[in-house]
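Bear in mind that the values in this text are calculations on the coordinates, not laboratory data. Small disclaimer: the values here were computed from a predicted structure and weren't measured. FYI the Cβ positions are ideal-geometry reconstructions off the backbone, even for glycines, and counts take in every protein chain you see.
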Amino acid sequence: MSFEDSDVVRSAVRVEGFRDDEFNYQLIRALGMADYGGSAVGECLAVIAQITDGSPRSWTRAFDRLALQVEEQGRACLAAGHKVSGRDHLLRASTYYRTAEYYSGGSGADGAGARSQACFSLAAALLDPPVEPLGIPFAGGTLPGYQVHPAAAGPGEGGGPRPTVVAVGGFDSSAEELYFQLGVPGAERGWNVVVFDGPGQLGCMRTNPAMTFRPDYEVPLRAVIDHLSGRPDVDADRLALAGQSFGSYFAARSAAADRRVRALVANPQILILDEATANIDSFTEQAIQKALKVLFAGRTCLVIAHRLATVRDADRIIVLREGRIVEEGRHEALIANAGLYAKLYASSHGSFDDLSPEGDAADHVSTAT
């Protein structure tokens, strides 16, 4: 019998996302947790069929149902003595509850976010080594979080102080999500990894409702570093910050203000560079240009420059003179236009004899790519 004659249906699931861009992004976000056990691709794809494209209410209902189902399976496994299966189900349930909470506008002490924390905390105690819950004193309350230990380096297991990275999340991140993004891979490489919820993030505000976002995020991060510096398993001379999304800004502020931070990893979605290649020799400029091509990939970048090699590959180049936009377009089109940009470009790549007196050192080029 050929497949054409068969009534067998392999699957009703099609690998297809949503027309709504934000729905697609949040789906990919949940799928991304699968690498380290925070979701299952099949479960995420199956739930799509239960969601009305563009309807936040149906999204919340569908992921809440999935989370509850996976949590109940996990608790049943634990009751039957199946520790590993129970733990793994609870880790995935934690992600699904967080995903459900995204469109619910926040939740209280018994909502989806709180259940995400509860599932993760129960599973974390069953990991090897266990993930250690933290309560970091700050502003009369506590910042909730976890310390992820490398193998054979859990609490009380010795091994001496380790290099430690603090994962700093963004606007809608959670400590539980950061565990899958940075906690597990960092611990696999021999680092302690601390993930936490800071002021303004829902995991913190459930128990500290007055702790809203603040512009001086180096202050709560100083409290985190103070807490870690007193731990015997943390090498205070090898302390790094890793920012995720908006957390890259928070981490950068802290690194600029606190000398105890010895390394910074920032992963922002928007990057602003002001004269990144000014006052350097040609060899250094070439090395920086090569690095910038890697840095720009997948980001929105605003670059302000006089050295136009920095911006020639931009999607949109804006030429300013005396504070006014006089030209805009891609490099090739602006050169063909033979206007101010072409004159400025010739000044650094051609002969000054070809220039009219109109081009001068006061002209700036900005770009968004």
Worksheet item: When the chain is fully extended, how far beyond the present Cα-Cα distance does Val84 get from Val219, taking 0.36 nm per residue of separation?
Response: 44.7 nm
Worksheet item: Using Cα atoms only, what is the angle between the long axis of helix 218-229 and the major principal axis of the chain, expressed in degrees (0 to 90) to the nearest 10?
Response: 50 degrees
Worksheet item: In sequence order, what are the phi-derived ³J(HN,Hα) couplings for region 88-97 according to the Karplus relation 6.51 cos²θ - 1.76 cosθ + 1.60 with θ = phi - 60°, rounded to whole Hz, with x for glycine and proline?
Response: 5, 5, 5, 4, 5, 4, 4, 5, 5, 5
Worksheet item: Can you list the HN-Hα couplings for region 114-122, worked out from phi with the Karplus curve (6.51, -1.76, 1.60; θ = phi - 60°), rounded to whole Hz and with x for Gly and Pro?
Response: 5, 5, 4, 4, 5, 4, 5, 4, 5
Worksheet entry | Amide H contacts under 5 Å for Phe18, placed H, 5+ residues apart | Asn24
Worksheet entry | Amide H within-cut-off set for Val194, under 5 Å, with H built and near neighbours excluded | Val148, Val165, Val166, Ala167
Item to complete: Provide the per-residue ³J(HN,Hα) series for region 38-45, in order, calculated from phi with Karplus coefficients 6.51, -1.76, 1.60 and θ = phi - 60°, each as a whole number of Hz, with x at glycine and proline positions.
Response: x, 7, 10, 4, x, 5, 5, 5
Worksheet, complete the sentence: Most exposed to least, judged by fewest other Cβ atoms within 10 Å, Phe213, Phe138 sort to Phe213, Phe138
Item to complete: Using amide H atoms built 1.01 Å from N in the peptide plane, name the residues 5+ places from Val234, or on other chains, whose amide H lies under 5 Å from its own.
Response: Arg162
Worksheet entry | Under DSSP loop assignment and at most 15 Cβ neighbours within 10 Å, longest GluC sites (Glu not before Pro)-free interval of the chain | 17-156
